[in-house]
1. Pick out, from 230, 411, 297, the residue whose Cα sits farthest towards the positive end of the charge dipole of the chain, with +1 on the Cβ of Lys and Arg and -1 on the Cβ of Asp and Glu.
2. Among DSSP beta bridges whose residues both lie in segment 185-326, state the antiparallel percentage, nearest 5.
3. According to a simple spin-label model (label point 7 Å from Cα along Cα-to-Cβ), what is the distance in nm between residue 302 and residue 126?
4. For the chain, what is the accessible area per residue in Å², given a 1.4 Å probe and the full set of protein chains?
5. Run the Debye formula on the Cα coordinates of segment 21-166, all scatterers equal and no solvent, and tell me log10 I(q)/I(0) at q = 0.14, 0.17 1/Å.
6. With charges only on Cβ, +1 for K and R and -1 for D and E, what is the dipole size of the chain about its Cα centre, in debye, rounded to 20?
7. Mind pulling up the Rg/Rh value for segment 270-413? Radius of gyration and Kirkwood radius, both on Cα.
8. Would you work out if the chain is rounded, prolate or oblate? Take a ≥ b ≥ c from the square roots of the eigenvalues of the alpha-carbon gyration tensor; rounded if a/c is under 1.5, else prolate when a/b is larger than b/c, oblate otherwise.
Amino acid sequence: MYNFNWKLQKLEEEGKHIQVGVIGAGQMGRGMVTELVLIKGERPAICADINIDLAVQAFEYANVDPAEIVKTDDPEEASKAIQAGKYVATSDSGIVSKVPEIDVVIDVTGVPDVGARIALDAIAAHKHIIMMNVEADVVIGPYLYKKAQEAGVVYTGTNGDEPGTVMELFDFAEAMGFQIVVVGKGKNNRIDRDCNPDTVLAEAQSKRMSPKMLTAFKDGTKTMVECCAMSNATGLIPDVIGTHGIASDVKGLNDMYRLKEDDGILDKWGVVEYVRGIAPGVFVTITTDNEEIASQMRYHSMGPGPLWTLYRPYHLCNLETPLTAARAYFYHEGVIVPKGGLVSEVITVAKKDMKAGEHLDGLGGFTAYGSIDTHEHAKAAGYVPFGLVNKNAVLKKDVKRGQLLTYDDVAIDESTLIYKIRQEQDKIFG
């Protein structure tokens, strides 16, 4: 982030701005729009949501004068409004990449198939694309990243979201020559596999959140998606399906993450994990074989070793995303991207006993949640990637609660864009 404050201030002084298109005006989107209105050198030129009133409200939260908000689904009208210094609210996400003034597109929808289209449209229009839609990235990220490289634009996850924040610590530790033992994130509470949009409705309303999104947090799917993104970017893998998910404070990680033969819990090092007790922070646990460096770590009050944990006690998620937009614009760099093909996979698990012929419903729903496995094992076992599941997926067989669902169990909707891209990705990367 070095010098971003000065670079953005200089843009502002020159009367220039990084023009950003935000797609999705839920909790994350509206906070991001507000931040983009307030900071120097960037502006949310256009905000898109299927409910255009939410897009308008996103600007109103930032105290934008209603007279400065133009509602339109016409690309030419949107372009003229942006040229005049106004803000555009639209119900058509497809026009965002068609507006020539836009420099960076940010997907905040959280819907995998929608994210596939948004990313491809942005890349085809030669615009940088920031994916807060990690749900799409863990399914087709390698393909989208490859297409962005070919088009000469940036495809990336975001600062502030836990995978991007972990990546900063990972890069820092690896650059200094430490061996990475574990990377991971905190979780606020115990996972509730049985929750659904109905059971969380009151809490979601109190937090001004989508019930489906809150369900995805509470049933553990979002945590697994985030761990998978960390894995795909770093090359580290889950130690076991679903990870260990221990309860600990930060200092306790240095003992817990020893190998089993050293009275720890891990079968191997180089893994991704989540921890109950350190949210909202992220961490990287490291070690070294060099006694002089170990001595220096002890001198710097990092503990006795042989493991040490680097910990960031916060992540500001959507509020940090404008810094990712600046990084793409100024340096043509991303924050977190898949490392070649997929390393890990978010797989599909039944939430309850179901009968053949019943439909699944995907992220934050009533029928399934996501877990994490290595891509290699998931592929061999035929597990269904969770991001390919939607309301048109139908069970071929009766299944039990907690069952890991395979292609033998589920007829996937093969008409979706994300499914077609995944087929192409598998041909390229395997």
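1. 411
2. Values: 6 of 14 bridges.
Among the beta bridges of segment 185-326, antiparallel pairing accounts for roughly 45 percent.
3. Rounded to a tenth, the inter-label distance reads 4.5 nm.
4. Working: 17960 Å² over 430 residues.
Normalised by residue count, the accessible surface of the chain is 42 Å².
5. One equal scatterer on each Cα of segment 21-166 leads to -0.59, -0.88.
6. Working: 44 positive and 60 negative charges, 81 e Å.
The dipole of the chain has a size of about 380 debye.
7. Values: Rg = 21.0 Å, Rh = 18.9 Å.
Rg/Rh: 1.11.
8. oblate
The values are calculated or read from the model by the stated rules, or taken from the named source; none is laboratory data. Just so it is clear, the structure is predicted and the values come from calculations on it, not from any experiment. Heads up, the Cβs are rebuilt from the backbone with ideal geometry, glycines too, and the neighbour counts pull from every protein chain shown. We work out accessible area using only protein heavy atoms, side chains counted, and drop any ligands, DNA or RNA first. Shrake-Rupley method; radii C 1.70, N 1.55, O 1.52, S 1.80 Å.
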